[in-house]
Structures are given as C-alpha cells and as structure tokens.
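Quick note: the coordinates plus some simple rules give every number you see, no bench work behind them. Owing to the predicted nature of the structure, the values given are computational and were not obtained by experimental measurement. Cβ atoms come from the backbone with ideal geometry, glycine included; neighbour counts cover every protein chain shown.
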Amino acid sequence: MSAQVLYIKLLGLLLQLVMAKLLLRDDFGLYSLALTVYSFAAMFHQAGVLEVLVQRQKSFHIWSGIAFWLSLVSGLVAFGMTVLFAPLAAKFYHYPDPEKLTNLICVMACIFPIGTLGAVNRAKMQIEMRFRELAIIGAVTMSVDALLKIYFANQGLGAFSFAYGAIIANLLNLALCWFVAPVPIRWRPQFRRWKYLLNDGMMVVGSMFFAWVIEEGDYIVLGRFEAVGVVGLYFFAFRISRHVMTLLTLQISKVLLSALSSLPSEADKQVNAFIRAAQIIAVVCIPVCFAMSAIADPLVRLLFEPRWYDAIPLIQIICLGMTFRSMSWPIASLMKAQGRFRTHMLVVGGSLLFFFPLTILGTLLGSVVGLTIAVAVFYTLATIVEFAFALKRPRRLLVDFRDVFLSPLVAGLLAVAVACAAGYILVPRTGLEGIPLYIVQCVVIGTVGAIVYILGIRQLSPDVLQETIQRIRKLLPGS
C-alpha cells in the first residue's frame, strides 16, 4: 500500500506539472469550487458502509448483500443532491459563468453511482488483508485517470478534463474490483435490516460531514471573500502540500482499521498497537513535512512557471501544519476499530467551533496567507484533541504524546534548520557553474536534512528508528 501511494503521489505531482502548463488559474479555481459541492455529496454516497463492514468483519457474510443495496441507493441519493445543489452553488460563489460551473458539478456527480457499486468488494479485500490487489487496482486506475485528464486538457476541455477522466477511471476500477473480489448479491434488498447498518453508518457519515466542512471550509471562505484566481492559487498550493500527508497515512489508516478491528474486546492491545504504529508514522512523516516546507521555494521555481511562484509561502505554511495532521487518519482508524463511531463524529464536529473563527479572521486580516496560517494552526490543535480522545488514557496522555511526537519534532526542527542554512546561505556563495542553483539547493537541503535527522532520531528514539528500519527491510525483495 505504501508503494502504491508513493507511485500515486509521484504520478499526481507529474500530473500537476502537466496540468499547470495546459490549464489556467481560473480552470483550477473553477474545479476547486465544483469540488466543494462534489465532496459534500461524497459523504453520503456509501453511507459509511465500508467502514462498518470492516469493523464487523466477522459477520461480513451476513451484511454484504444488504450493504450493496444500501450503498447503491446512497450513491443515487448523492447524485441527486449534487445535481440539485449545483445551480445554488454557482449563485453562491458569484461565478461569472454560472452555467459552466453548474454543468461541471453535474458531470462530476456521475461518479457517485459508479463508485458505490464496488464498495462491498473493496471492503471484502480490506477485511481479507488483500492489500496487494487493492494497491494494484488503485495504481492502474490512477494511471488511466492521469492519462485521460492530460488528454482531455490537451483537447481544450479545461476544468472538465478532471471530471471526464475520473468517470472513465471509476468505471475501470469497478470492473477490476468485481473481477478480483466478487461478492454474491441477493436480489432482495432486505429493507428491514438496513437500520442496523445505518445506525453506525450515519455516525460515519456525520464524521465525514464535519470533516468535509473542515476540508472544504477554507475554499468556501476564500471563495466568498476573494477572486477565483486566488482560490485557484490556494488550491494549487494545498494539493502539492497534501501529497506529503497522504503519502503514507491514508493507506496505512486502512491497514490499521482492518488489523485493529480484529481485536474488538482487547482495548489495551488496540491502543498499544496503535502507539507503536503512530511512532513509526511520526518518525517517517514529520521529517517529510519539514523537508517539503524547506525545499518548496527551489522546487517550485525549478518545476513550475513564474505565475505559480506566489504559491511558495502557502506551500511552506501548509506543510508545517501537516506535521501533526499526518496522524489524523490513523487516529480515526483507531476510534472506528473500537466501534466509537459516535465519539469520533462528536470530536470532529466539536473542532468546528474554532475552525471557522480562525479561517474567517485569518482571511480578513491577511487574505490567502492569513487563511493558510489559520488552517495550519487549526490542524495542529485539532489533531492534539483527537489524539487525546482516541487513546482514552488521560493519566498517560502526556507520556503517550511524548512517545509519539517529541523525538521526531525535535530532530526534524534541528534537521530543517541545518539544511536551510546549508541550502539558502552556503550554496549561493559557492559560485557553482554549469549546475542550476535550484537543483543544487534541493539536493543539498534534502541530503543534509536527512543526515541530520537520522543522527538526531538515533539519539532520541533508537528503538523506534530500529523498528522502522526493520519494517522497511521486510518490504524489500529477497528479505
């Protein structure tokens, strides 16, 4: 799964490079506005079926048929909601061409019925720990998706390139899921049993709703107060920064949900297993977030055109905020494995109490930069709160927090300080000729930062470093 997500992130970066050359800021802005409506309806298109099935893995054979029909109906509902809200969204954002935005949202809505038809199959593979098949299917689907988006963009379809590519790629994903993991489906929907899935499923949907408000709230606030080009710039910066967080944690959270759900009555084992996993995730992800912030300036100047240089400070700020946010999905997996769907919903919903005040204040005081700082601060505070609720060990909270975050934070800050000094102060003074300055800065910052970080983490948390190395070795061929 890690190899798959690494491939997808590299593919996504390459795709963004190409799309940045083929599309304009307004195209990215139009797509980001349409995405706010699409992602809202996306919460309902599976009704939390996948998570509930994985958590109830021992009785999967009982619930699979019921879940299929429930997810299909929820997908059709999501489609209808998206089409219904499309013209209202165009009016809300005051977009100059409301018909164009409405049409884009309606096209994107076609993805929902397609995606729901394979939800039970994906849950089956996840329960059976068939992550190799999941990874291959995901990689193939994303490759086709990227090629189609580039093709449609080259044909002059603008923001619609994202929608058309996704529809065809989802059809391919559906076919592969049914071929690899077929599930027998009864033609009787068994409506009377739906409520037993919907009870927990609606808690999952509630959590997804509040998460959607957080994920899309910054675009909504910015779209209300700023021009569409500014929204496109922030969207561009956030997409690059988000690659860092999803590099490992999104897929690892799926593995954690399946593994921790196999220990339903052993709470201590669940929490201790999570702490071990969280230590490894933090040791890997926190320095990557710091490194991405450090090399954002030379990397963007090397890879992108000058019109995107204004996104550099935004990328740097968001990557710093991602240092804690990288733990958000694994924390959610722990709470779902514990069957605490309601608690997770309330925790995520409660964080909205300080999300919108922060983002609105940041936008009014500092435009897009102020909003970005507010989002980074929110990510840090929200993850700390979620961590405390998930572990349910208030007496050991400071100890658990120290065990997971302290060493990688200290080592990461030291590494990024030394690396930036080497890359931004020493490199320009060397007067190297024949080698582009930005390439040298990226190499120096990455190399120096990695060396200093490994030496630092070796001193602060040698056991965690050793376990991380052992797990990486097990993934290598011939190990």
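Overview of results
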quantity: Cβ-Cβ FRET estimate between I451 and Y151, R0 fixed at 45 Å, reported to 0.05; calculated: 0.60
quantity: Extension gain, L352 back to L398 (0.36 nm per residue minus Cα-Cα distance, nm); calculated: 14.1 nm
quantity: Equivalent-ellipsoid semi-axes of the stretch 248-479, from the Cα gyration tensor, Å, largest first; calculated: 33, 24, 15
quantity: Span-like helix ranges in the chain, DSSP H, alpha carbon extent 18 angstrom or more, Kyte mean at least 0.0; calculated: 2-22, 25-42, 60-92, 131-154, 160-180, 194-225, 228-246, 267-303, 312-325, 352-391, 407-420, 437-460
quantity: MRE, 222 nm, helices only [DSSP H, n ≥ 4, -39500 (n - 2.57), over the chain, to nearest 500]; calculated: -27000 deg cm²/dmol
quantity: The stretch 14-92-the stretch 259-313 distance, computed between alpha-carbon centres (Å); calculated: 24 Å
quantity: Descending semi-axes in whole angstrom, ellipsoid equivalent of the stretch 1-201, from the Cα gyration tensor; calculated: 31, 22, 12
quantity: Under 11 Å, Cβ to Cβ, from M142 - net charge with Lys/Arg +1 and Asp/Glu -1; calculated: +1
quantity: Two-site label geometry, S39 and Q459: point separation in nm, points 7 Å out along Cα→Cβ; calculated: 4.0 nm
quantity: Protection proxy ranking of 456-464, 234-242 - average other beta-carbon atoms within 10 Å, highest first; calculated: 234-242, 456-464
quantity: Furthest towards positive pole of dipole, W69, T116, P306, structure part the chain, Cβ charges; calculated: W69
quantity: Net charge over other residues, Cβ less than 14 angstrom from the Cβ of R471 (K, R count +1; D, E count -1); calculated: +1
